[in-house]
1. So which residue, out of VAL141, VAL70, VAL300, gets the largest mean-square fluctuation from a GNM of the chain using Cα contacts under 10 Å as springs?
2. Helix 214-234 versus the longest principal axis of the chain: what angle, 0 to 90°, nearest 10, using Cα atoms?
3. Output wanted: per-residue J couplings in Hz (rounded whole) for the range 50-65, from phi through Karplus 6.51 cos²θ - 1.76 cosθ + 1.60, θ = phi - 60°, x for Gly and Pro.
4. So which GluC sites (Glu not before Pro) in the range 222-288 pass both tests, a DSSP loop state and at most 14 other Cβ atoms within 10 Å of the Cβ?
5. Which value, in Å to one decimal place, does the Kirkwood hydrodynamic radius take for the range 193-287 when every pair of different Cα atoms is included?
6. Distances over 22 Å make up what percent of all Cα-Cα pairs in the range 193-360?
7. So for the range 241-323, what percent of the C-alpha to C-alpha distances run longer than 16 Å?
8. Defining a contact as two alpha carbons under 8 Å apart and six or more residues distant in sequence, what relative contact order in percent does the chain show?
Amino acid sequence: MNRLTVKTPDKKEYDIVLDRGFEALSVELDRLSFAGRRTLIVSDTNVAPLYLEKLETVLNGQNIVTDCIVLPAGEESKSQDNAMMILTKLIELNFKRSDIVIALGGGVIGDISGYVASVYHRGLNFLQIPTTLLSMVDSSVGGKNGVDYGRIKNVLGTFYNPSLVYMNLDALSTLDERQFYNGFAEAMKSALIKDAQYYEWIIENMYEICDRDPATMEELVYRSISIKKLVVEKDFYDLKGERALLNLGHTIGHAIEALKMGELLHGECVALGCVGAAYISHKKNMLSLEEYLEIRDMFVPFNLPITIDSIDLDKVLSNVTKDKKQDNLGLAFVLLKKIGKACVDRTVTSDEIMNALKELEYTDDFE
Ligand SMILES: NC(=O)c1ccc[n+]([C@@H]2O[C@H](COP(=O)([O-])OP(=O)(O)OC[C@H]3O[C@@H](n4cnc5c(N)ncnc54)[C@H](O)[C@@H]3O)[C@@H](O)[C@H]2O)c1
Ligand SMILES: [Zn+2]
């Protein structure tokens with residue numbers, strides 16, 4: 001078992017526990033004095049049949065009474081209507097602040113549950129049990145939550161920390177291949193922004209990662225989340241620029257995602273965005289040509305795209321400049337000074353972005 005403790009601005013701390021199975025959760029619940037309380041578990045239609053019963057067995061063993069809400073799997077469930085539905089259930093059940101909301105699922109379930117937990121009576125206990133690689137390496141830590149407003153993603157949300165993040169790494173075995181590599185893209189992003197040794201480790205352990213070797217996956221999640229922890233401890237409210245580094249690949253990535261909704265997953269767009277950012281970094285003499293090409297090609301063994309076709313580059317560019325990372329100082333673009341060291345750059349021009357997009361565009365003579 002591995003454990004990390006995250007410091008929060010309100011001087012509370014919470015633990016991230018990495019284990020295989022749900023058994024060790026009993027000890028954690030005991031440590032938090034949660035025995036005998038009530039919990040509402042929020043999950044989705046893919047995850048609940050696989051893991052809900054196992055989780056309930058552990059909770060009931062601690063005399064924790066469980067109720068469940070199972071949402072349809074998918075981003076569409078991250079809606080205000082569903083948030084209201086969960087809140088209504090908490091009111092009907094007369095939940096107290098000492099009771100617990102548990103998110104059992106990927107980032108969609110984690111985000112909506114965290115949001116609900118933060119607003120109900122101005123905050124009740126919240127436990128994250130992430131089950132996708134993306135939610136383990138990224139969304140379950142850092143305290144951001146939210147729901148979408150129609151097609152506008154994450155526009156309603158709060159900052160709210162869980163009491164515990166409990167990761168059952170065995171859950172990764174049931175993820176389909178595409179979802180697995182989708183999460184891997186965020187792990188690769190973490191290595192690129194902060195940790196050259198971790199990046200080298202990924203290269204050395206490529207086969208073990210693709211095989212989802214349990215010990216390798218534990219190290220991958222641990223190293224990724226250690227980076228996220230460092231960043232959010234320095235800049236929890238995303239005000240000091242440090243947390244912005246986590247947006248490597250997201251400026252171009254989000255712009256593509258908006259046009260390829262339903263076709264490309266978030267991590268796939270982030271991979272494309274990282275390639276674009278690495279290209280711009282190379283053109284600005286931060287990365288050598290060899291480093292740029294290596295970063296680009298490193299996504300390929302993980303089934304992540306490095307080129308894109310059938311997309312209107314002008315529309316992508318216009319989405320980039322509409323991005324929320326644009327403030328009165330200009331567009332905050334995350335570039336790589338070198339592998340393992342990201343920086344926020346405000347000098348990236350539309351021409352430079354367009355050249356990067358052209359580099360991403362699929363052509364027959366691609367080398
Ligand atoms: N709060 C944050 O800081 C943050 C950061 C990044 C992403 N996000 C959000 O996270 C969401 C994406 O998260 P995601 O990629 O985990 O998506 P997701 O929650 O939709 O899960 C992806 C798919 O995998 C299925 N699934 C989950 N666990 C499984 C398992 N163990 N076995 C089999 N199937 C499983 C789900 O049912 C779903 O179909 C987005 O809404 C994004 O905005 C939030
Ligand atoms: Zn992301």
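Computed from the coordinates by the stated procedures, all read-outs in this text should not be read as laboratory data. Quick caveat: nothing in here was measured; it's all calculated off a predicted structure. Using ideal geometry, Cβ is built from the backbone for each residue, glycine included, and neighbour counts are taken over all protein chains shown.
1. Its mean-square fluctuation being the largest, the pick is VAL300.
2. Around 80 degrees separate the two axes.
3. Each residue's phi maps through the Karplus curve to give 8, 10, 5, 4, 4, 5, 4, 4, 5, 5, 4, x, 9, 6, 9, 7 Hz.
4. Sparse-neighbourhood loop GluC sites (Glu not before Pro): GLU263.
5. Answer for the range 193-287: a Kirkwood hydrodynamic radius of 15.0 Å.
6. 43
7. Roughly 53 percent, rounded to a whole number.
8. Rounded, it is 14 percent for the chain.
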